[in-house]
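A short write-up of the structure that comes next.
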């Protein structure tokens, strides 16, 4: 079976991050004769996640654990003319358009030699409709072709989450007591630095904070300078201006860390699966629709705090408030937002890690998207 | 070409080699950078009905259709009977092919009937229709905000939510695209 993944990089790294992870997971979980091909329109973004990728090479084979993926890099999906043997399954990720010659060959092959499947891979959401739309047919009306929505999600009857096995092994830590990472969208982190300085000062502890390259970097570093200027030197905090790292390295850092600010989709899922306390900044949507996504996530997360009893309920309420505060924005800005503070994540690290590990374990067991996709394809193609 | 965002109940469109008619719009959901819509459609070539989802940006070939103004005469359970106003010719459409239209049409109403290859397949409704409230709890004087709603039944049998200030015997305007109350009207 040949599975083609089509990826259009709309902005940032999230699109290719998810699709490349899915390609690897399919190789990992698929039968021995499964061939995975990936077509992407931004080689530079892909290389940032996997240095082995040559952004200039049109066709290349990229190694991954358990096998390899054939990668096609093109500046434009619409104009891409390269063609090989038509796939059996076409996964159009996040609305990416399949190049016309590929689609034509796919349809011809379906009509001539048997069933083919197209999957519309959607963005991850915790909203209830994810179950209703997952595997919803989207007929194309061509002989031998069936098309479906494939909706990732946290709920049982969704496509699940994109991840690979085994869980990342924690990266070696420095001598500091705390390790934290910041990788989000634009945000003023003044309160973060102030809270962290107070927290460490009270406990006589130290922290290393990795400020990752990307949209949150400027706001994080600028606010750090401001806090130092107003409070004086703060030797308990070591700030690292961290260049972008490969996916595996990032996952290892998440596994090693104590608190992570994450964003979008891929870093969010990886932080969740690390079992570590995290704060998620959702992708900004028109009319503040990201708040709906955040509320839906809080709804599916809350029951995992129940085993912690009354204390768990209190901690959840405070954590939920911080999620709401961070995501209550109508446009990208670094404007300061009133917040109760970050200490809830650190004061309650042990409880949050227990909750995190329980959910991560369940998700790893029952919500692996690649496995669900392969199981569905097996049934659909019978 | 027509986009999925333009599909309405009764729209006939071509998908590949299939000709589909929209029987019901079941909602639109927003993901990042895109929205998807869920429909109930009938395949006019095979007669089968199914749920289907499309991205709002999906495009379809439009079908050349004959549309005739006809008068709704009566229904006999699951069959609705219409008459051509000029030729007096009778046509029948099964209730399931009318989508939500039975909620808004009444005997004697002129509607547009859509024909595909000589066969009536669906009805095109006006966007707004005026109907009488035949049942609801008593109105509450002074509440004219229209924000608080109560259940009601229209003379077509349709159950709808209306503002608290509306009463039995009053007429309201209904949006046939989503079945919601628009305003109170004087008759």
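The numbers here are math on the coordinates, done by the rules we state, and not lab data. Please read these numbers as outputs of a predicted model, since none were measured by experiment. Every residue, glycine as well, gets a Cβ built from its backbone with ideal geometry; the counts of neighbours run over all protein chains shown.
Per residue, the convex hull spanned by the alpha carbons of the range B:1-142 comes to 161 Å³. A rounded overall shape is assigned to the range A:178-365, the ratio a/c of its alpha-carbon gyration tensor axes (a ≥ b ≥ c) being less than 1.5.
Taking the Cα atoms only, what angle lies between the long axis of helix A:290-301 and the longest principal axis of chain A, rounded to 10 degrees? Orientation of helix A:290-301: about 80 degrees from the principal axis. Here, P(r) means the percent of Cα pairs in each 10 Å bin from 0 to the largest distance; for the range A:209-292 it is 15, 42, 31, 11, 0. Under 1.5 on a/c is rounded, so check that first for the protein assembly as shown, then, if it is not, pick prolate when a/b is larger than b/c and oblate when it is not; a ≥ b ≥ c are the square roots of the alpha carbon gyration tensor eigenvalues. It comes out oblate by the Cα gyration axes. In terms of its C-alpha gyration tensor, the range A:120-164 comes out prolate, because a/c is 1.5 or above and the ratio a/b outweighs b/c. At what distance in angstrom do the alpha carbon centres of the range B:1-36 and the range A:56-114 lie from each other? Here the two parts' Cα centres lie 27 Å apart. Shown for the range A:143-235 is the translational diffusion coefficient from the Stokes-Einstein equation, using the Kirkwood radius over Cα pairs, a temperature of 25 °C and a viscosity of 0.890 mPa s: 146 µm²/s.
For chain A, what does the helix formula give at 222 nm: sum of -39500 (n - 2.57) over DSSP H segments with n ≥ 4, over the residue count, nearest 500 deg cm²/dmol?
Values: 13 runs with 156 residues, N = 382.
Result for chain A, helices only: -12500 deg cm²/dmol.
Counting only alpha carbon atoms, the long axis of helix A:349-366 and the longest principal axis of chain A meet at about 10°. Each residue, residue A:11 and residue B:73, gets one label point 7 Å from its Cα in the Cβ direction; the gap between the two is 5.9 nm. A Förster radius of 41 Å combined with the Cβ-Cβ distance from residue B:57 to residue B:83 puts the calculated FRET efficiency at roughly 0.55. Computed from the alpha carbon atoms alone, the convex hull of the range A:146-185 holds 165 Å³ per residue. Approximating the spin labels as points 7 Å out from Cα along Cα→Cβ, the residue A:365-to-residue A:170 distance works out to 2.3 nm. Spin-label pair residue B:148-residue B:94: with each label point 7 Å from Cα along the Cα-Cβ axis, the two points sit 4.5 nm from one another. For chain A, the longest principal axis of the Cα atoms and the long axis of helix A:14-29 meet at an angle of about 60 degrees.
Suppose R0 equals 45 Å. What FRET efficiency, 1/(1 + (r/R0)^6) with r the Cβ-Cβ distance, do residue A:340 and residue A:131 give to the nearest 0.05?
Working: r = 33 Å, r/R0 = 0.73.
Efficiency for this residue pair is about 0.85.
Computed over the range B:66-124, the P(r) tail beyond 16 angstrom holds 30 percent of alpha carbon pairs.
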